[in-house]
Each structure stands twice: as structure tokens, then as C-alpha cells.
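Trainee: Please read through the structure below; I'll follow up with questions.
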Amino acid sequence: MSDAAAHEFQFSSAAHQRETAISGIWLFLATEALFFGPIFLAWIYARLADPSAFDAGGRQTELAIGVTNTALLIASSFAYGVGLACIEFGSRRGMVLWLLIAWALGAAFIGLKFGVEWRMDLEKGLFPGATFSVHGPSRSGAQLFFAFYFFSTALHGLHLLVGLALLAWIIAKARQFTSERHSPVRAVGLYWSFIDIIWLILFPLIYLIGRAS
Amino acid sequence: MTHSAAHVSYLEDGHTLRSWLLTTDHKRIAILYLVAITFFFFAGGVAAFLMRYNLISSHGLLGSAETYNRLFSMHGILMVWVFLVPAVPVTLGNFLTPLMLGARDLAFPPLNLLSWYLFIVAGFVALYAVVAGGVDTGWTFYTPLTSLYSKGHVVAAFIAIFIAGFSSIATGLNFIVTIHKLRAPGMGWYKMPVFLWSLYATSVILVLATPVLAMTLLLVAFERIFGIGVFDPAIGGDPLLFQHLFWFYSHPAVYVMILPGFGVISEIVPAFSRKELFGYKFIVWASIAIAVIGFLVWGHHMFVAGTSLFSAIVFSLLSYMVAVPSAIKVFNWIGTMHKGYIHFDSPMLYAIGFIGLFTTGGLTGLFVAALAADVHLTQTYFVVAHFHYVMVGGMVSAYFAGLHFWWPKITGRLYPEMWGRAGAITIFVGFNLTFFPQFVLGYLGMPRRYFAYPQQFEALNLLSSAGAVVLAIGYLLPLGYLTWSLLYGDRASANPWGATGLEWSTPSPPPTENFAVTPIVTQAPYQYEQPEAVIHE
């Protein structure tokens, strides 16, 4: 199929259709940013009300896993970026290889986060409620910290799972992409990096601020 | 392209149910929305009617405060999320945006269809919440009532609103990208009809404010399900934070409801005054200003909720500021009518009604934006009357104005004009009869949301309920004659009103691909010529 004919009838050309799709993704990410916004706002606001309890909560988290996971996600976005560059230069095989690496790194994050870290957290009695294991004056605030923690990591994990499904879809459809026509690869890449950015805000909120003070 | 294939009207292009339910044609999706919206409008209307029935007597004729609470919650939730917020954008906006731009469809037609399905699911989940026993929290869902105490089906209502929100976001996103990317050759930003500018401003709010509400409701649902959460003061959370986040969406959402109405009126007033729109750029930038300033006024809902005096003063000033662009629009519409050759057809009757009712609603908004006055007026019927003048007197009038104006384009049929005028006048009279007494009631101190009230307020409440009967008749009239016109109305020409705008240059109803040849725009919008006699007056 020639490049000129392969576009929907409301567009004047395939290039027009591609740039429109990319604008749509950017706008969707703006929506997503405001979707996560209230969590960050509420989190920081609640911490200001009771900083020492939030710090006590924050010190219960698994710093080593948090750091490892951050590295995994950044590496994954890097791999995706290399994959995108590969298809831009016409190497479909290179793209598939790097996207598989990106997928594996993302999946490793999920495994570490929910398979290992969440299990440790739950075993330590960190889920808010009657069995919550932090006692003393920090108990209430630390529970609030972990309410934020479980809520936001679950939501972030959900976004990551959607991202993994999209990556798998791109890999499965790899045959269709050429150095000219690969806007889905670019679009999914934008989303994939966006999830990283969300994590880069969550990471200090969860692991660092409590330990810094 | 052969011309026989090119000119099949979108209504003739497939007659099966499947051809409707799986369509990606923006015009057919607009019709799907129109049917759904009409259903929810009357469902919400029945709840309102029962409330007015209850309030005929000071003892409350329904006999149960619980039932009354559920009714006003149902009325608010249905009317806000499945009627007012989507109404104009998803029906007229969906139908007209590509036509006005000279495009063949929206940028993402499958997303458009998806948004309809999301909307339907949301609407029926909301109805489920009602049928399963209802919600007693009001449409504002204040914590800790919603998070800890309410026994209603709060989570179901949240799911409905959450899904409806994504439907809104999909629609808004589609409009923004379409307006940026799919304008016909020559269609510069300042050559676009004002209706599209209004939709653009509306869409920006939809895309940026709706996700905040979605997350806020998720947080409350989390709190309700796990019994622990961020708005619970027992562990250091803050219920006021909920109000901030809720109104950060819900006040801009008020502009989502009214801005498309402004757009509709800006199309109709020049068409029926035979004059160019007065102050085009002012109207355009007033829409953008409203969308921007509208994000900065949410705190005026919380003057008595325990916010600081400083924040209250700032929010009060900002609320005054947002009135300026709205007033600019009103002046511009009147300026357009000034020395115009005015035709009093139904759309224009609705539009004139809109200007009066919206101005009343807008000016009384300044009363409640004033700190000292608000302490007296907040939580009374004055507020109820104020926002109904804007939302019903304003927005619903604009919706009907637009529906009548573009009805011939959408259906290819003319509605009976005399019935149209009778409907417009009935709605205007019924509306004022229903809601003007509520200004007085509120000023006298009758609180809102109560199912029984002191006997001294009975006469005014009776008047209001009588008005509701007239208003209900007014709303049933268009349902009757518009439906009748689908079968028996005269065939409409391409441009029955002699209006400008690309949508009138294509046949009524338009062919599936909208334009046989992509139009090239050379003129500014609203190039109306006045009859000789009037010009030389």
C-alpha cells in the first residue's frame, strides 16, 4: 500500500494523520498529569499537617527495592528510546530487540514491586487498619502515609500493566512499521516515558523525604 | 468519485441497527447522543418534578426526608453529569464541529464512538445507583458524609461519574485536536465561527479538570471501601481538601455547561438580526478568559466552610473578575441586535430568553460571590435560583435554541414554527414562575435541601411548583412536535434560515462525507447583509 493512500478520509495525507495522532497522545498525557495531580497535592498537604508521622511511615519502606525499581524504569525508558531510534533508522529487528528489553525491565519492576516489596510491606503489618504495626504518636499519620503509598503504587502499577500490554502490542505488530510509518511506536513511547515521570515523583515522596529529615 | 455515491445523506447511508451502533460518522454519533441525552434529561426532570410536588406542602407531601434526599441527589447527579456537561458538545458539537470546519469527520472517529458507549454505561450505572436504593449525599458528595456515614450506593454513583468523566475527556480531546488539525484550507483561527471557539474553551476545561474529579472520587471510594483514607480527620486527613479538589473540577464544570451555550447564542443572534456579530474577537477571547479564570474561582463555594479570610477575599475578587468576560458577551449580543433586522423565529426567541435569564443568573452570582452577602445567602434557595437561572434558564434555553436552529440541518425536516414559538414562550414563562419565587424564598431565609419547611414559605413554594407544571409542559412540547416533524415536517433546503457558515453550504441532511469537495474559506464568518431599507434608515 502506498504511503499517500493509507490514511482515513478526514485527513489530507498520511503524514497529516500521523501528526494528528501524536497531538492526541500529548493531550491525553496532559489529562493523565492532572489525574495524578490530586494524589501528589493531597500527599504533600497531608505531610505538612503531620511531618514527623509521615517520616516515621517513610522510614518503614524498602529503600533498596525502591532504588532498584527506579533504575529499572529509567533503563526501560532508555531501551524504548533506543528501539524508537532503531525504527527511525529502518531497523525493525533492532526495534523489536530493544522493546523486548524495555518490556522485560518493566515486568521486572512489577514483579519486584508487587511480588516482593508489597508482600514484605504486608508481612510487616504496614497496611492501614487495626493490625497496623507502627505504634505511638505517629500511628495515625503513618497510616495515612501508607494509605497514600498503597493507593498510588497500585494506580501506578495499573498504568504500567497497561503500558506492558501496549508494548506487547507494538512488538506483535512490528512488521507494519517502517522508518516512515511508526507513529504508534512513538505514541506508546510517550506513554511509557510518562509512567516513568510519575514514578520519579512518587519515588522521593515514598522513600526519600522521610529519610532526609 | 461518482456523484451518486457522493451524495447519499448520512441518514440514508445504512438502515440497520448495526449501521447505527457501530457507526463512526460524527453525525450519527450526535444522533445517538441526542437520544440518550433526551432520556436522561427527562429522567432527571421527573426527579425535579417530584421534589416540587413534595414542596407544595410545608410538611412535605412525600412524607420522608430520606426519599427527598435521594430525589435531589438523583436530580443533581443525572442533570449535571449526563445532561448539562455533555449536552451541547456531544450533540450539536459532534454534529457541527467537522461541518463548521469544512472537515469530513472528527480527528478520531472511533474514539468518538467509544465515548458514546462510555456515556451510556455511565448513565445506566447512575440509574442503577438510583434504582438500587439511591444516593442521599447530594451531587457534591461532601466527605465525611460520603466516605464514612452515608448508607446510599455512593460507590456505584462514583463509578458512573468516573466513566462519564472519561467519556467527557475523550470528547474534549477529540474536539481540541480536530480544531487544531482539521480546519479547511483558508479557515484561520479568526475565521472560525464562535461556536467552535466556545467548544475549544469547553474542551480545554474538560481535558484538564475532569481527571482531577476522577482521582478525587477514587480517593473517596478507597476511603469508603477500606475505611481509611486521605479525607478522614481521625488520622490527620482533611475533609476540606475534598471540597477544594471537588470544586477545582466542579466550578470549571459550570463553565463547561454554559460556554457551549454562549457559542450557540453567538451563532443565532447574528443570523436572526441579519447583522455581523458585534465584537467577534472580544467574544472569542472572552471565552478563553472564562476558561482560564474559571479555574481560579473554586474557593467561592467554601466561604463558610472554614477557609481563611485571606483566601476568601482572593476568591471573591477572582469571582468578580470572571463576570467581566461574561458581561462582554452579553453586551456584544445586544450590540449585534442593535439596529438589526430582527426575525423572531423560535431559535431567536430562545436566544433572547437566554440573554435575559443568563444575565439574571449571572448578576445574582455576584451577590453570592460577595463575602458578606454570601454568609446570609449560602445554603438557601437563593443559590438554587441563581444556578438554575444560569444552568436551566441559560444553558437549557441555549440547547433548545441550537436544537431548533440546526434541526433542519440535522434531520432535513422543518419543525412547525408556530409550535416552536409556543414552546419557547411556555418554557420562558414556566421557568420564571418556577425559579423567581426561589430567589425570594432564599432571601427570606429558606434553606435548600430540606423536605419540610416553615409554613410562612408555603405560598411562594406553591407558586414555584405551579411554575414547574408549566415548565414541564414547555419541555414536553418540543419532544412532541420535533418528533412529529421527523415524519411529517416539510423538507428543509440546504439553508432555510439564510445563515452563513460552512454547515449551511452542504445539503440538509448532509452527505456522509459532509462536503463533496473540500471547501476553501475566503471570508470571515457572519457576513450578513441587511435589507436596503434598514441600512438607509
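Trainee: Would you check which residues across region A:123-137 are open to solvent by less than 60 Å² (accessible area, probe 1.4 Å) and among the hydroxyl-bearing types (S, T, Y) and list them?
Mentor: If the condition is that a residue be open to solvent by less than 60 Å² (accessible area, probe 1.4 Å) and among the hydroxyl-bearing types (S, T, Y), then A:S133 is the only one that fits.
Trainee: In this structure, is B:T143 within 14 Å of chain A (Cβ to nearest Cβ), more than 24 Å from B:G186 (Cβ to Cβ) and not in a helix (DSSP H, G or I)?
Mentor: yes
Trainee: I'm told B:F162 meets every condition in (1) more than 22 Å from A:F148 (Cβ to Cβ); (2) more than 10 Å from chain A (Cβ to nearest Cβ); (3) open to solvent by 10 Å² or more (accessible area, probe 1.4 Å) except one. Can you identify the failing condition by its number?
Mentor: The one condition B:F162 does not meet is (1).
Trainee: Then there is this: Restricting attention to region B:223-248, and to residues there that are within 13 Å of B:F141 (Cβ to Cβ) and among the charged types (D, E, K, R), which single residue is farthest from the other protein chains (Cβ to nearest Cβ)? Outline the logic, then answer.
Mentor: From region B:223-248, those within 13 Å of B:F141 (Cβ to Cβ) are B:223-224, B:231, B:239, B:242-243, B:245-247; that's our starting set.
Still in the list and also among the charged types (D, E, K, R): B:223-224.
Working: B:E223: 8, B:R224: 13 Å.
My answer is B:R224.
Trainee: Condition first: under 18 Å from A:F28 (Cβ atoms) and not aliphatic (A, V, I, L, M). Now tell me which residues in region B:185-222 satisfy that.
Mentor: B:Y200, B:T202, B:S203, B:T210, B:P211
Trainee: What residue, among those in region B:89-125 that are free of Cβ contacts under 8 Å to residues at least 60 places away in the same chain and of a type in the set (A, V, I, L, M, F, W, C), is farthest from B:G152 (Cα to Cα)?
Mentor: B:L114
Trainee: Which ranges mark the helices (runs of 4 or more DSSP H) fully within region A:4-97 that have 2 or more residues being within 23 Å of the chain's Cα centre (by Cα) and away from chain B (no Cβ under 14 Å)?
Mentor: A:63-88
Here's the yes/no breakdown for (1) open to solvent by 60 Å² or more (accessible area, probe 1.4 Å); (2) in a helix (DSSP H, G or I); (3) out of contact with any helix residue (DSSP H, G or I) (no Cβ under 9 Å at 6 or more places or on another chain):
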| position | (1), (2), (3) |
| --- | --- |
| B:Y415 | no, no, no |
| B:A424 | no, yes, no |
| B:F439 | no, yes, no |
| B:Y450 | yes, no, no |
| B:F457 | no, yes, no |
| B:G480 | no, yes, no |
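A quick yes/no check of all residues on (1) over 17 Å from B:T97 (Cβ atoms); (2) surrounded by fewer than 23 Cβ atoms within 10 Å (Cβ to Cβ); (3) among the charged types (D, E, K, R); (4) without any contact (Cβ under 8 Å) to a residue 12 or more places away in the chain:
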residue: B:I205; (1), (2), (3), (4): no, no, no, no
residue: B:T216; (1), (2), (3), (4): yes, no, no, no
residue: B:R224; (1), (2), (3), (4): yes, yes, yes, no
residue: B:D232; (1), (2), (3), (4): yes, yes, yes, no
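Trainee: Being among the hydrophobic types (A, V, I, L, M, F, W, C) and facing chain A (nearest Cβ under 10 Å) is the filter; apply it to region B:185-211 and report the residue that is nearest to the chain's Cα centre (by Cα).
Mentor: Looking at residues that are among the hydrophobic types (A, V, I, L, M, F, W, C) and facing chain A (nearest Cβ under 10 Å), I get B:L206.
Trainee: Moving on. Out of region A:151-171, which residues are within 18 Å of A:L41 (Cβ to Cβ) and of a type outside the set (S, T, Y)?
Mentor: If the condition is that a residue be within 18 Å of A:L41 (Cβ to Cβ) and of a type outside the set (S, T, Y), then A:F151, A:L155, A:H156 are the ones that fit.
Trainee: Can you name every residue in region B:383-413 that is over 30 Å from B:E503 (Cα atoms) and open to solvent by less than 10 Å² (accessible area, probe 1.4 Å)?
Mentor: B:A385, B:Y389
Trainee: Can you tell me which residues in region B:97-125 are within 11 Å of another protein chain (Cβ to nearest Cβ), open to solvent by 30 Å² or more (accessible area, probe 1.4 Å) and part of a helix (DSSP H, G or I)?
Mentor: Within region B:97-125, B:P110, B:L111 qualify.
Residues are listed down the side, and each one gets a yes or a no for (1) in contact (Cβ under 8 Å) with a residue 12 or more places away in the chain; (2) open to solvent by 20 Å² or more (accessible area, probe 1.4 Å); (3) outside any loop (DSSP other than H, G, I, E, B); (4) within 30 Å of B:H386 (Cβ to Cβ):
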{"residue": "B:G442", "(1), (2), (3), (4)": "yes, no, yes, yes"}
{"residue": "B:L462", "(1), (2), (3), (4)": "yes, yes, yes, yes"}
{"residue": "B:V469", "(1), (2), (3), (4)": "yes, yes, yes, yes"}
{"residue": "B:W497", "(1), (2), (3), (4)": "yes, yes, no, no"}
{"residue": "B:T500", "(1), (2), (3), (4)": "yes, yes, no, no"}
{"residue": "B:V517", "(1), (2), (3), (4)": "no, yes, no, no"}
{"residue": "B:I520", "(1), (2), (3), (4)": "yes, yes, no, no"}
{"residue": "B:P525", "(1), (2), (3), (4)": "yes, yes, no, no"}
{"residue": "B:Q530", "(1), (2), (3), (4)": "yes, yes, no, no"}
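Trainee: Let me ask something additional. For B:H251, work out the one condition from (1) in contact (Cβ under 8 Å) with a residue 24 or more places away in the chain; (2) within 14 Å of chain A (Cβ to nearest Cβ); (3) out of contact with any Pro (no Cβ under 7 Å at 6 or more places or on another chain); (4) under 21 Å from B:A160 (Cα atoms) it doesn't fulfil.
Mentor: Failing condition for B:H251: (2).
Trainee: Among A:I110, A:I101, A:I171, which is the only one that is assigned to a helix (DSSP H, G or I), modelled with pLDDT of 95 or more and under 21 Å from A:I25 (Cβ atoms)?
Mentor: From the options A:I110, A:I101, A:I171, the qualifying one is A:I171.
The values are calculated or read from the model by the stated rules, or taken from the named source; none is laboratory data. Everything numeric here is computed off the predicted structure, so don't read it as measured data. Heads up, the Cβs are rebuilt from the backbone with ideal geometry, glycines too, and the neighbour counts pull from every protein chain shown. For the accessible areas, the whole protein counts, side chains as well, though only heavy atoms, and no ligand, DNA or RNA atoms are used. Shrake-Rupley method; radii C 1.70, N 1.55, O 1.52, S 1.80 Å.
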